[in-house]
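All remarks here apply to the structure that follows.
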Amino acid sequence: SQTIHQWPATLVQPVGSPLSLECTVEGTSNPNLYWYRQAAGRGLQLLFYSVGIGQISSEVPQNLSASRPQDRQFILSSKKLLLSDSGFYLCALKNRRRGYNEQFFGPGTRLTVL
Amino acid sequence: AQSVAQPEDQVNVAEGNPLTVKCTYSVSGNPYLFWYVQYPNRGLQFLLKYITGDNLVKGSYGFEAEFNKSQTSFHLKKPSALVSDSALYFCAVRDMEVPYSGAGSYQLTFGKGTKLSVIP
């Protein structure tokens with residue numbers, strides 16, 4: 001079965017510091033991968049999605065970036081964090097085989113920017 | 001463009017009573033519809049989906065949802081609520097008419113969530 005790992009589970013960072021959140025998946029190959037942000041425990045905002053290695057699409061302009069260096073690895077980064085970057089970051093995958101329509105989510109990373 | 005509305009921010013129900021969490025959607029074609037549940041500080045868990053076929057879909061933990069095309073609704077239901085059902089529930093939609101091979105063709109649009117509180 002497929003599994004999604006997110007690291008770290010929680011993170012507290014000062015404003016202006018860099019960020020790197022990692023998502024790795026197991027049990028599937030060539031999945032679509034997604035980064036979402038959830039602010040204040042409500043609402044999901046799609047940040048990035050990827051249909052393959054090196055292929056990143058951004059949904060909203062922001063100071064975050066994403067990369068997919070390997071098929072099963074998806075990284076969310078920032079060079080300088082803002083207070084508004086605080087939130088709960090969720091990685092998700094979708095199996096690209098026909099008949100698999102739902103997305104599966106990782107456990108999330110709680111980011112607090114001070 | 002596709003959209004989802006969850007008209008209730010919060011639903012309170014007594015333990016043992018039936019529960020309903022409402023969801024309406026808007027797509028240009030036929031929809032794929034999903035329900036997810038989120039417990040505090042956890043990722044979303046998939047509950048059920050409607051793709052085609054019977055309008056009543058059964059999912060995990062005793063939940064079911066009814067697809068109503070004329071009312072563009074996909075309400076989540078459970079005959080008898082448990083305290084452990086207290087969580088945040090999200091409805092999501094994908095437009096079936098989006099081309100299969102398109103780069104963004106698997107994007108889901110999520111509602112804002114409904115907080116369900118089951119009172120002992």
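Here, each number is a calculation from the coordinates, and none is a lab measurement. Nothing here was measured: the structure is a model prediction, and the numbers come from that model. Positions of Cβ are generated from backbone atoms using ideal geometry, with glycine treated the same way; all protein chains shown enter the neighbour counts.
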Notebook entry, point to check: Which GluC sites (Glu not before Pro) in the range A:1-87 pass both tests, a DSSP loop state and at most 15 other beta-carbon atoms within 10 Å?
Noted result: A:GLU59
Item checked: the range B:1-112 - Debye-derived log10 I(q)/I(0), Cα point model, q = 0.11 Å⁻¹ -> -0.34
Margin query: Given the options B:PRO7, B:LEU44, B:PHE74, identify the residue whose Cα lies farthest towards the positive end of the charge dipole of chain B (+1 on Cβ of Lys, Arg; -1 on Cβ of Asp, Glu).
Written below: B:LEU44
Margin query: Under the rule of at least 5 residues apart or a separate chain, name every residue whose amide H is placed under 5 Å from the amide H of B:CYS23.
Written below: B:PHE74, B:HIS75, B:LEU76
Notebook entry, point to check: Counting only DSSP beta bridges with both residues in the protein assembly as shown, what percent are antiparallel, rounded to the nearest 5?
Noted result: 90 percent
Item checked: Table column - 3J(HN,Hα) (Hz), the range B:42-58, Karplus curve with 6.51, -1.76, 1.60, x for Gly and Pro -> 10, x, 7, 10, 6, 9, 6, 8, 10, 10, 6, x, 4, 6, 9, 10, 9
Next item on the list: Report, ordered by chain and residue number, the aspartates and glutamates lying within cross-link reach of B:LYS78, taken as a straight Cα distance under 13 Å and ignoring same-chain residues fewer than 8 apart.
Entry: B:GLU15, B:GLU64, B:GLU66
Next item on the list: In debye, nearest 20, what is the charge dipole magnitude of the range B:3-119 about its Cα centre with +1 on Lys and Arg Cβ and -1 on Asp and Glu Cβ, if you could check?
Entry: 120 debye
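Express in % the proportion of alpha carbon pairs of the protein assembly as shown at distances exceeding 26 Å.
The proportion of pairs with Cα distances above 26 Å equals 38 percent.
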Notebook entry, point to check: Just how large is the dipole of the range A:22-114 about the Cα centre, in debye to the nearest 20, putting +1 at every Lys and Arg Cβ and -1 at every Asp and Glu Cβ?
Noted result: 100 debye
Next item on the list: Wrap a convex hull around the Cα atoms of the range B:1-58, take a quarter of its surface area, and give that in square nanometres.
Entry: 5.5 nm²
Note to self: Taking amide H atoms as placed 1.01 Å from N in the peptide plane, list the residues 5 or more away in sequence, or in a different chain, whose amide H sits under 5 Å from that of A:LEU47.
What the structure shows: A:TRP35, A:TYR36, A:ARG37
Check: Restricting attention to the alpha-carbon atoms of the range A:3-113, what are Rg (one decimal) and Dmax (integer), both in Å?
Finding: 13.3, 44
Next item on the list: Note down the net charge around A:ARG110, summing +1 for each Lys or Arg and -1 for each Asp or Glu among other residues with Cβ under 14 Å from its Cβ.
Entry: +1
Check: Given R₀ = 41 Å, FRET efficiency for B:ASP54-A:GLN62 by Cβ-Cβ distance, to 0.05?
Finding: 0.50
Item checked: Charge-dipole axis of chain B as Lys and Arg at +1 and Asp and Glu at -1 on Cβ define it, positive-most pick from B:VAL21, B:PRO31, B:PHE110 -> B:PHE110
Margin query: For B:GLN2, what residues show an amide H to amide H distance below 5 Å, using hydrogens built from the backbone and excluding near sequence neighbours?
Written below: none
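Calculate how many DSSP beta bridges within the range B:3-119 are antiparallel, expressed in % of all such bridges and rounded to the nearest 5. Walk me through the numbers before you get to the answer.
Details: 34 of 39 bridges.
Among the beta bridges of the range B:3-119, antiparallel pairing accounts for roughly 85 percent.
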Item checked: Low-density loop positions, trypsin sites (Lys or Arg not before Pro), the range A:11-114 - DSSP coil, at most 10 other Cβ in 10 Å -> A:ARG97, A:ARG98
Item checked: Segment B:SER84-B:GLU66, length gained on full extension (0.36 nm per residue, minus Cα span) -> 4.3 nm
Notebook entry, point to check: Zone of A:TYR100 (label point 7 Å along Cα→Cβ, backbone N under 13 Å): which residues in the range A:1-16?
Noted result: A:1-4
